[in-house]
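The values are calculated or read from the model by the stated rules, or taken from the named source; none is laboratory data. Computed from a predicted structure; not experimentally measured. Here the Cβ positions follow ideal geometry from the backbone for every residue, glycine too, while neighbour counts run over all protein chains shown. Side chains are part of the model used for accessible areas, which takes the heavy atoms of the whole protein and leaves out ligands, DNA and RNA. Shrake-Rupley method; radii C 1.70, N 1.55, O 1.52, S 1.80 Å.
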Amino acid sequence: MKKPINYSLPEGIDSIIYDLDGTLWDSVSVVATGWNKAFHSFPQSAYLTVTEDDLRGLFGKTMETIGHILMDGHVPAEEQQEILDACYPAEEEALDANPPAPYEGVEESFRILSEKYRLFIVSNCQAGYIECFLRNTGLGKYITDHTCPGDTGYEKAYNIRHIIEKHNLSSAIYVGDIQGDCNATREAGIPFVHAAYGFGEVEKPDAVIYSPMGLTELLP
C-alpha cells in the first residue's frame, strides 16, 4: 500500500470535512438502479437507462445537475423536474434495500480520528442522502454535523464555509476524490486532501491518501 503524502498541510488541524461518494463509499450501482426505476416509470423517459459509467463521470456535481444532463436531449426541459423529483425517493429506497458498504477502513479511521478531530460530511447531494449513508452504515456516531445543497440551496464551497463558521472551526481540512472537490475547497479557503482511491485525479492537492486509513498516518 502506498504511503500517504503530505505536501503542505498546516499544523494544528482541528477538524476533518469529508466528501461522500468516492471518498467514503461507492454507491454508483445502487443509485443507477434507483434512477432507472424512476426513469422507467414515466412514458417520456421510459426508454432511458443510466449506467454506472454515466453516473461515475458525473458524481461530484449536484444531483439536480446530473439529472438534467442525463435527460437533456431526451426529455423536454419543462418535464425534467417531475422525473428528477421521483429519482430521489427511488434512489433512497434502493440504498435502504441494498446499501453499499463503506470503503474498507472508513469505520476504523473514523473511530481513531474522532478521538482527536471533529468529523463532518459536506457533499453535493440532495437532502436525505447523507442521512441515508449514516443510517445504513451506523457511522453517524462519529459525525458532528453534515450538510448539502439539498439543505442549504448552495453548492460545496458555500457549504464547507457554512460548517466552518457554524462550528467555529479554526483549522479544518477537506477530504475528497475529484477535481471539483479540490476546486470547491480552494474557494472555501482550506487545505485539500486527495482520496486517490476514489473516482478521479486531482492537480496539486495539499496531501494525498491511498486508502481511508491513510488519513490516520497523515495526521499527527
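Is one or more of the residues making up region 130-139 free of Cβ contacts under 8 Å to residues at least 12 places away in the same chain, hydroxyl-bearing (Ser, Thr, Tyr), within 27 Å of Leu84 (Cα to Cα) and open to solvent by 20 Å² or more (accessible area, probe 1.4 Å)?
no
Check Glu203 against each of (1) part of a loop (DSSP other than H, G, I, E, B); (2) touching a residue at least 60 places away in the same chain (Cβ under 8 Å) and name the one condition it does not meet.
Result: Glu203 passes all but (2).
Count, please, the residues in region 50-101 that happen to be in contact with a Pro (Cβ under 9 Å, 6 or more places away or on another chain) and open to solvent by 50 Å² or more (accessible area, probe 1.4 Å).
1
Note down all Cβ pairs under 9 Å where the first residue falls in region 105-116 and is over 15 Å from Ile209 (Cα atoms), the second is outside any helix (DSSP H, G or I) and open to solvent by 80 Å² or more (accessible area, probe 1.4 Å), and they're at least six residues apart or on different chains.
Correct list of pairs: Lys116/Pro220.
Cβ-Cβ below 9 Å, separation at least six or inter-chain, first residue in region 22-36 and within 21 Å of Glu107 (Cα to Cα), second among the basic types (Lys, Arg) and outside any strand (DSSP E or B): which pairs?
Pairs that qualify, where the first residue is within 21 Å of Glu107 (Cα to Cα) and the partner is among the basic types (Lys, Arg) and outside any strand (DSSP E or B), are Gly22/Arg56; Asp26/Arg56; Val28/Arg56.
Just a yes or no: is a residue in region 31-46 assigned to a loop (DSSP other than H, G, I, E, B) and within 15 Å of the chain's Cα centre (by Cα)?
No - not one qualifying residue is present in region 31-46.
What number of residues in region 11-49 are open to solvent by 10 Å² or more (accessible area, probe 1.4 Å), hydrophobic (A, V, I, L, M, F, W, C) and over 17 Å from Glu79 (Cα atoms)?
2
So which residues in region 159-175 are of a type outside the set (Lys, Arg) and buried (at least 17 other Cβ atoms within 10 Å of the Cβ), if there are any at all?
First, the residues of region 159-175 that are of a type outside the set (Lys, Arg): 159-160, 162-165, 167-175.
Correct list: Asn159, Ile160, His162, Ile163, Ile164, Leu169, Ala172, Ile173, Tyr174, Val175.
Of the residues that sit in region 8-23 and are out of contact with any Ser or Thr (no Cβ under 7 Å at 6 or more places or on another chain) and among the small types (Gly, Ala, Ser), which one is farthest from Ile160 (Cα to Cα)?
Ser8
Quick check on region 1-29: of everything there that is outside any loop (DSSP other than H, G, I, E, B), of a type in the set (A, V, I, L, M, F, W, C) and modelled with pLDDT of 95 or more, which residue is nearest to Glu91 (Cα to Cα)?
Let us first name the residues in region 1-29 that are outside any loop (DSSP other than H, G, I, E, B), namely 5-6, 15-18, 21, 25, 28-29.
If we keep only those that are of a type in the set (A, V, I, L, M, F, W, C) as well, we get 5, 16-17, 25, 28.
Remaining after also requiring modelled with pLDDT of 95 or more: 5, 16-17, 25.
Details: Ile5: 36, Ile16: 27, Ile17: 24, Trp25: 15 Å.
Residue satisfying both the conditions and the ranking: Trp25.
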